[in-house]
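The values are calculated or read from the model by the stated rules, or taken from the named source; none is laboratory data. Source: prediction; values computed, not measured. Heads up, the Cβs are rebuilt from the backbone with ideal geometry, glycines too, and the neighbour counts pull from every protein chain shown. Only protein heavy atoms, including side chains, enter the accessible area calculation; ligands, DNA and RNA are left aside. Shrake-Rupley method; radii C 1.70, N 1.55, O 1.52, S 1.80 Å.
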Amino acid sequence: MRESTGKRNIDWLTIFLYIIMVLVGWLNIYAAVYQPDAPTSIFSLSLNSGKQLMWIGGALIIAFSIMLIDFKFFSTFAYPIFGVTLIALIGVLVIGHSAGGNTSWFKLGFIRIQPSEFAKYALALALAKYIDNPTVRIDKWTGGLLQAFAIIGMPTVLVLLQKDTGSAMVFSAFFLMLYREGMPQYIMLIGLWFVFLFVTALVTDSLVAGLFLLTLGILAIIFVIYTKKNKSLIFMICVFGGISFLFTEGIDYILYDIMRPHQRKRIEVLVNPNIDPLGVGYQVTQSKIAIGSGGLVGKGFLEGTQTKFNFVPEQSTDFIFCTIGEEHGWIGSMVTIGLFTALIIRLIILAERQKSRFARVYGYSAASIFFIHFMINMGMTIGIFPVIGIPLPFFSYGGSSLWAFTLLLFTFIKLDSHRSQMLSRA
């Protein structure tokens with residue numbers, strides 16, 4: 001009886017969006033690797049499109065299996081799944097395969113598995129399980145927020161040790177979920193402030209940025225003295241201003257002593273696209289040319305010249321969006337953006353109607369992960385975000401990412417289908 005109720009409540013709209021995105025992604029992977037002088041079938045295992053079809057078959061098996069599992073499984077085994085994932089992240093540091101400067105994969109023959117992709121799913125489960133505890137309060141540092149930060153920090157540090165900065169940045173998505181669950185607003189504002197300082201220091205001289213901060217701090221202190229004469233507030237402004245100043249002055253140290261050379265150059269190219277047009281800036285330049293050349297309606301399926309002459313490296317993976325822009329133009333790009341927007345909005349709607357805190361937190365985590373991936377990947381291809389190598393969900397070639405995103409999405413579809421049976425502990 002319970003299982004039949006779950007089947008009736010399955011959100012077919014979300015599943016429809018998933019199927020459309022996977023199929024469109026598969027066709028564009030084929031377009032990205034197709035060569036007219038040596039045409040090969042889309043099903044050929046010699047092409048990424050043929051291999052992706054295998055991953056799609058595996059993803060469908062995963063999706064079907066999730067829908068058969070008891071919905072209580074995900075809450076019951078959230079911590080064990082998280083623990084196994086942490087062990088995998090540690091293991092890849094020891095016996096993992098290196099590629100592109102990152103040690104992020106287990107290699108089994110021609111198959112490569114990237115644990116960091118599955119870590120997002122495991123972390124979403126673990127945070128949902130932790131926050132589902134009625135004694136946890138995300139609006140208090142000692143009530144649960146600090147512990148939530150620690151849970152997020154564990155996989156983040158391990159992924160950073162793999163030198164995979166892009167995947168590590170995706171874990172910032174969970175702060176959006178924490179904000180929804182009551183994290184104080186000032187924490188988000190502080191984070192945005194330091195992002196602003198980082199960008200300001202990049203586009204101006206660090207001394208200029210420091211003088212700007214000093215002037216801003218003096219004005220703030222004068223305002224406080226004039227209005228309230230609150231000594232503790234003045235002290236807090238001075239401390240925060242000092243930290244901000246040190247951070248701004250330390251940007252050069254971060255760039256030249258912490259970041260690797262290629263990471264630093266990618267950020268420099270973001271600020272000045274012409275600094276290295278034939279080196280680090282080449283990929284983004286060619287991507288923008290490809291997207292711009294598509295015009296309104298594009299050049300047509302399999303007719304992209306940038307693609308056919310291999311101007312854009314990694315076009316079937318991280319830069320798959322430029323294939324869409326070139327061959328399907330502005331209209332195709334807007335349709336793709338519309339699909340992602342529809343999926344994310346739908347997940348938020350589903351999350352808001354959950355009766356259990358576990359399902360709601362998990363749903364917001366899933367929506368946040370898809371949003372961050374979508375935003376950063378699109379931003380990379382049009383040159384408004386540094387190239388950090390993260391896939392476009394359901395579109396980019398890769399088995400690990402497709403399977404992980406399928407797990408992430410269908411687990412929430414399963415939880416949502418049993419929302420009437422999940423008791424709230426919030």
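Tabulated values for the structure
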{"read-out": "Protein-only accessible surface order, largest first, of HIS418, HIS328 at 1.4 Å", "value": "HIS328, HIS418"}
{"read-out": "Cα gyration tensor, region 140-203 - rounded (a/c under 1.5), prolate or oblate", "value": "oblate"}
{"read-out": "Cα centroid separation, region 297-350 to region 153-183 (Å)", "value": "26"}
{"read-out": "Charge dipole (region 1-92, unit charges on Cβ, about Cα centre) - positive-most of SER65, LEU27, VAL92", "value": "SER65"}
{"read-out": "Computed Kirkwood radius, in angstrom, where 1/r is averaged over Cα pairs of region 62-157", "value": "15.0"}
{"read-out": "Region 316-426, dipole about Cα centre (Lys/Arg Cβ +1, Asp/Glu Cβ -1), debye to the nearest 20", "value": "820"}
{"read-out": "Kirkwood-Stokes translational diffusion coefficient of region 11-134, alpha-carbon pairs, 20 °C, 1.002 mPa s, µm²/s", "value": "124"}
{"read-out": "Surface accessible to a 1.4 Å probe, per residue, for the residues of region 360-426, Å²", "value": "23"}
{"read-out": "Normalised per residue, the volume of the convex hull around the Cα set of region 305-426 (Å³)", "value": "108"}
{"read-out": "Added length on full extension, which subtracts the Cα-Cα distance from 0.36 nm per residue, TRP12 to CYS238", "value": "75.9 nm"}
{"read-out": "Which of ASP132, ASP70, ASP37, ASP318 is most accessible, then next, and so on - probe 1.4 Å", "value": "ASP37, ASP70, ASP318, ASP132"}
{"read-out": "Tensor-based shape of region 382-426 (alpha-carbon gyration tensor, a/c under 1.5 rounded, otherwise prolate or oblate)", "value": "prolate"}
